[in-house]
Amino acid sequence: MSTAPSGAPATAPPREPAVKAQRQPSLAQLRAFAAVAEHLHFRDAAAVTGTSQPALSAAVAALEDVVGVRLVERTTRRVLLTPAGERLAARTRSVLDAVADLMEEAEAVRAPFTGVLRLGVIPTVAPYLLPSVLGLVHDRYPDLDLQVHEEQTASLTEGLTAGRLDLLLLAVPLGLPAVTELPLFDEDFVLVMPRDHRLAGRDDIPRSELRDLDLLLLSEGHCLRDQALDICREVGRAEGAPVTTSAAGLSTLVQLVAGGLGVTLLPRTAVPVEVGRGARLATGTFQDPAPVRRIALAMRAGAARAEEFESFAAALRDTLRPLPVRMAA
């Protein structure tokens with residue numbers, strides 16, 4: 001180990017530079033700025049936040065001081081957002097939404113099955129399962145504020161991962177690592193056709209029949225369309241085989257079949273509703289193994305309400321047991 005020469009002053013080790021504590025904006029400042037950014041008027045923003053105009057203006061000025069940039073331009077008649085204000089307004093709203101989600105999660109932990117539950121459902125499930133879901137919530141979870149959003153799969157999964165939705169009811173697998181699936185049941189697909197079709201009423205239809213039938217499908221974006229196309233590819237249907245007509249919903253699709261434009265595939269849970277009201281329609285089922293889809297609840301991996309959602313899935317399986325489906329274990 002080296003030492004300083006005799007009589008020379010010892011050299012002190014270099015001092016680490018002092019770390020300046022970075023100030024953080026308060027929630028009150030963020031709420032004040034978000035209100036001003038939304039209303040572009042201090043009086044209206046003050047009324048929404050329940051504060052006085054001077055207090056609101058002071059909170060926005062304090063936020064500007066903390067972030068080190070000017071966020072708003074004040075004139076005698078109106079308020080304008082600066083370019084920095086435009087950029088930070090959206091992020092401010094995201095922060096406030098995240099805080100609201102945090103408090104909602106905390107409330108759910110304290111009292112399961114209370115507060116808001118934002119449930120997303122795909123259109124090919126909603127009309128057929130929602131009556132059972134709503135009945136379950138009404139009877140068993142009366143303090144739960146269920147909010148239903150019917151959207152296509154891509155929109156639902158985006159909403160789940162972004163925190164806009166809490167739970168999804170849809171066809172799986174999704175193949176998303178950030179999403180945990182809670183299987184409910186498997187259901188067969190049924191072939192729907194005009195009453196005078198050669199396959200009407202059969203319970204032993206080979207999948208290979210799908211190679212040459214005039215098949216009608218839902219429009220792009222519906223997962224049921226993708227599932228039907230996957231089934232067709234499995235049986236060797238040519239990529240160029242005509243799928244000349246599509247529809248935005250199953251009800252329209254079934255009406256096209258009744259009009260003689262072709263045949264279609266329906267999940268079994270949809271058959272009583274969609275086929276039962278069409279006198280010119282018939283169904284047929286496939287030989288084993290029949291084409292099938294799996295319906296599940298989906299939640300964010302590691303969600304704070306995971307235990308609550310798992311209990312909800314178990315209760316929903318019991319509720320759905322009378323349906324013509326095979327319940328998941």
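Between (i) 300; (ii) 167; (iii) 148, which matches volume of the Cα convex hull per residue in Å³ calculated for the structure shown?
(i)
With every protein chain present, what is the per residue accessible area of the chain (1.4 Å probe, Å²)?
Per-residue accessible area for the chain comes out at 54 Å².
Which FRET efficiency value, to the nearest 0.05, is calculated for residue 67 and residue 154 with the Förster distance at 22 angstrom and r the Cβ-Cβ distance?
On the way: r = 35 Å, r/R0 = 1.59.
Calculated value: 0.05.
Top to bottom by accessible area (1.4 Å), largest first, where do 212, 318 land?
212, 318
Counting only residues 5 or more places away or on other chains, whose amide H sits under 5 Å from the amide H of residue 182 once H atoms are built in the peptide plane?
297, 298, 299
Short version: ³J(HN,Hα) in whole Hz for each residue of region 152-157, in order, from phi by Karplus 6.51 cos²θ - 1.76 cosθ + 1.60 (θ = phi - 60°), x for Gly and Pro, what are they?
For region 152-157, the Karplus-derived couplings read 6, 4, 4, 5, 5, 5 Hz, x marking Gly and Pro.
With every protein chain kept in the model, how would you rank 146, 27, 102 by accessible area, 1.4 Å probe, largest at the top?
Order by accessible area, largest first: 102, 27, 146.
For region 118-184 and region 22-95, what is the separation of their Cα centres, given in Å?
Region 118-184 and region 22-95 have Cα centres spaced 35 Å from each other.
When only the heavy atoms of the protein chains count and the probe is 1.4 Å, how do 327, 103 rank by accessible area, highest first? Walk me through the numbers on the way to the answer.
Working: 327 45, 103 115 Å².
Accessible-area ranking of 327, 103, largest first: 103, 327.
Mind listing the long-range amide H neighbours of residue 115? Cut-off is under 5 Å, sequence gap 5 or more, other chains count too, H placed in the peptide plane at 1.01 Å from N.
Answer set, sorted by chain and number: 145.
Rounding to the nearest 10 and keeping the result within 0 to 90°, find how far the Cα-based axis of helix 27-39 lies from the longest principal axis of the chain.
Once rounded, one gets 60 degrees.
Relative to the longest principal axis of the chain, what angle (0 to 90°, nearest 10) does the C-alpha long axis of helix 53-67 take?
90
Can you tally the net charge around residue 56? Count Lys and Arg as +1, Asp and Glu as -1, for every other residue whose Cβ sits under 11 Å from the Cβ of residue 56.
So the environment of residue 56 carries a net charge of +1.
From the helices alone, meaning DSSP H stretches of at least four residues, give me the mean residue ellipticity at 222 nm for the chain, per-run term -39500 (n - 2.57), in deg cm²/dmol to the nearest 500.
Here the helix-only value at 222 nm equals -12500 deg cm²/dmol.
Can you give the FRET efficiency to the nearest 0.05 for residue 106 and residue 234, using r as the Cβ-Cβ distance and R₀ = 56 Å?
Rounded to the nearest 0.05, the efficiency is 0.75.
Could you identify which residue out of 262, 50, 249 has the top mean-square fluctuation in a GNM of the chain using Cα springs shorter than 10 Å?
Of 262, 50, 249, the most mobile in the Gaussian network model is 50.
So if R0 is 51 Å, what FRET efficiency would residue 114 and residue 87 give, r being the distance between their Cβ atoms, rounded to the nearest 0.05?
Efficiency computed from Cβ-Cβ geometry: 0.85.
What do you get for the angle between helix 126-140 and the principal long axis of the chain? Use alpha-carbon atoms, 0 to 90 degrees, nearest ten.
Roughly 60 degrees between the two axes.
Loop-only trypsin sites (Lys or Arg not before Pro) in region 50-143, please: DSSP not H, G, I, E or B, and at most 10 other Cβ atoms within 10 Å.
Answer by residue number: 77, 78.
Relative contact order for the chain: what is it in percent, counting Cα pairs under 8 Å that are at least 6 residues apart?
Result for the chain is 19 percent.
Could you check how much of the accessible area of region 32-165 is carbon and sulfur, as a whole percent, using a 1.4 Å probe?
For region 32-165, the apolar C and S fraction of the accessible surface comes to 55 percent.
The values are calculated or read from the model by the stated rules, or taken from the named source; none is laboratory data. Since we're looking at a predicted model, the values are computed, not measured. Cβ coordinates were reconstructed from backbone atoms using ideal geometry, including for glycine residues, and neighbour counts include every protein chain displayed. Ligands, DNA and RNA are stripped out before the accessible areas are found, and what is left, the full protein with its side chains, is counted by its heavy atoms. Shrake-Rupley method; radii C 1.70, N 1.55, O 1.52, S 1.80 Å.
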